[in-house]
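The structure appears below as structure tokens.
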Amino acid sequence: MPIFRGNAMKCDEVQEGFVDLLYREPGTPAPSKELLDHIGSCAACRKELAGLRELQSTLKIWQDEAPLRPVLLPRSGSVRSPVRIPVWRAVRFAAAAALVILALLSLSNAQIAWDKNGFSFRTSILPLPVPPTDYYTRQEMNTILKAVMEDSREYNWRMMQFMRDAIDQEHNTDFRNFVRVVKENRARN
Amino acid sequence: MIRRFLEGEEQAFTEIVRHWETKVFSLAWRYLGNREDAQDVVQETFLSVYKSARNLRDPDSFPTWLYRITLNHCRTSWRRRSPELSLEEPVPCGVDGEGEVTRTAAVASRQQDVLEARDMIRRALMGLSDEHRSAILLKEYLGLSLEEIARVMECPLSTAKSRLYHGLKGVQRNLARIGFRP
């Protein structure tokens, strides 16, 4: 590659510029003024550019040709690979589907049960009316709790009395045994 | 045509093959310098297209995608072959089935000149590296833009330009070496 020292641009700096000049593609910026000035003033680059243009027309001698034989077409669906969904996409899809199903079940007030009567699945868009007899009111709960506390207190009191009587009985038994043993010793002596 | 095939219309694939087979064959022949090998590459290329077209996201990019597949098959075929062609190796005309030059003497003579010139070009191209040869084939014979060449070769635009320039210089040098007179 010749180096043209009398110009701002050296010859080896214009290589890519040659490609732009050779092909002048639409939509690409026009060659720079420096490049055109260099080509205008450098005989070596002008000659090289002309040689490349001549080469372009030489290459065109080799024209397109049809294939030697018709391309064998695959039978319909014989080799075409099925659509493969990547694992991560399948997982994401499954998670989204599960969320949608859960949301639908939630919105439809789904009730799923498995008891002695078997499996049952029931849905209703509006909330189910609650039978009043199935639940205690707050007041009823208070009364029940109070009764339980009373029962509990009574039970505890009885238990404590029973324990006290049991201890007294044990104590008396031991004392009676002691007196009996002392009496027997005295009689023996 | 491409969209119809991507949408599942099998018949559209026949149209794709008929529309592109000459381009693909010519690219492979110019790359490999051998018609039979090029024929194999054409077959393999369209089989790959048929199998993996669903991976093509943008139907408008089909040509660059097709040429990339073709060049990949060409490279595989090039590596398989042996021995490699030498620039000095004389390749007689007619070897690749060009023996039909038997018309009038004038036409035959002119055609013979063309065939000889073409064979020299072929040998000059065979002496290039894969990158330089690919760049020239994509630009000079398929008419791709520099941007498209960069996409097919999966390289920056500046690299594509550089490969093209050095490819042209290489062909020029090789033609001079084998005594080509335009």
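The values are calculated or read from the model by the stated rules, or taken from the named source; none is laboratory data. Predicted, not measured: the structure shown is a model, and the values here were computed from it. Quick reminder, even Gly has a Cβ in these numbers, built from the backbone with ideal geometry, and neighbours come from all protein chains shown.
I'm checking my understanding of the structure. Among residues of the range A:38-62 that are part of a loop (DSSP other than H, G, I, E, B) and at the interface with another protein chain (Cβ under 8 Å from one of its Cβ atoms), which one is surrounded by the most Cβ atoms within 10 Å (Cβ to Cβ)? Full working, then the answer.
At the first step, the residues of the range A:38-62 found to be part of a loop (DSSP other than H, G, I, E, B) are A:42, A:60-62.
Adding the requirement that they be at the interface with another protein chain (Cβ under 8 Å from one of its Cβ atoms) leaves A:60-62.
Numbers: A:Lys60: 11, A:Ile61: 15, A:Trp62: 21.
It comes out as A:Trp62.
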Checklist entry - Does A:Glu34 qualify as being more than 7 Å from chain B (Cβ to nearest Cβ), without any contact (Cβ under 8 Å) to a residue 60 or more places away in the chain and on the phi < 0 side of the Ramachandran plot? => result yes
Next on the checklist: Go through the range B:21-54 and report how many residues are farther than 19 Å from B:Leu125 by Cα, surrounded by 19 or more Cβ atoms within 10 Å (Cβ to Cβ), at the interface with another protein chain (Cβ under 7 Å from one of its Cβ atoms) and of a type in the set (A, V, I, L, M, F, W, C).
Outcome noted: 2
Checklist entry - Of all residues in the range B:133-146, which are more than 8 Å from chain A (Cβ to nearest Cβ) and in contact with a helix residue (DSSP H, G or I) (Cβ under 9 Å, 6 or more places away or on another chain)? => result B:Arg133, B:Ser134, B:Ala135, B:Leu137, B:Leu138, B:Leu142, B:Leu144
Checklist entry - Which residues, counting only those in the range B:6-20, are within 18 Å of the chain's Cα centre (by Cα) and facing another protein chain (nearest Cβ under 7 Å)? => result B:Val17
Next on the checklist: I need the full set of residues from the range B:1-28 which are at pLDDT 85 or above and among the acidic types (Asp, Glu), in order please.
Outcome noted: B:Glu15, B:Glu21
Checklist outcome for this item: Note on A:Thr143: of the conditions (1) at pLDDT 85 or above; (2) surrounded by fewer than 10 Cβ atoms within 10 Å (Cβ to Cβ), unmet is (2)
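Please enumerate the residues belonging to the range B:129-181 that are of a type in the set (Val, Ile, Thr), in contact (Cβ under 8 Å) with a residue 24 or more places away in the chain and more than 22 Å from A:Ile61 (Cβ to Cβ).
Taking the range B:129-181 and keeping what is of a type in the set (Val, Ile, Thr), we get B:136, B:149, B:152, B:159, B:171, B:178.
When the remaining residues are screened for being in contact (Cβ under 8 Å) with a residue 24 or more places away in the chain, the result is B:136, B:152, B:171, B:178.
Matches in the range B:129-181: B:Val152 only.
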Item to check | Test: B:Arg151 is under 29 Å from B:His19 (Cα atoms), more than 8 Å from chain A (Cβ to nearest Cβ) and in contact with a helix residue (DSSP H, G or I) (Cβ under 8 Å, 6 or more places away or on another chain) | outcome: yes
Checklist entry - Since B:Leu168 meets every condition but one in (1) more than 19 Å from A:Glu48 (Cα to Cα); (2) surrounded by 22 or more Cβ atoms within 10 Å (Cβ to Cβ); (3) within 11 Å of chain A (Cβ to nearest Cβ), which condition does it not meet? => result (1)
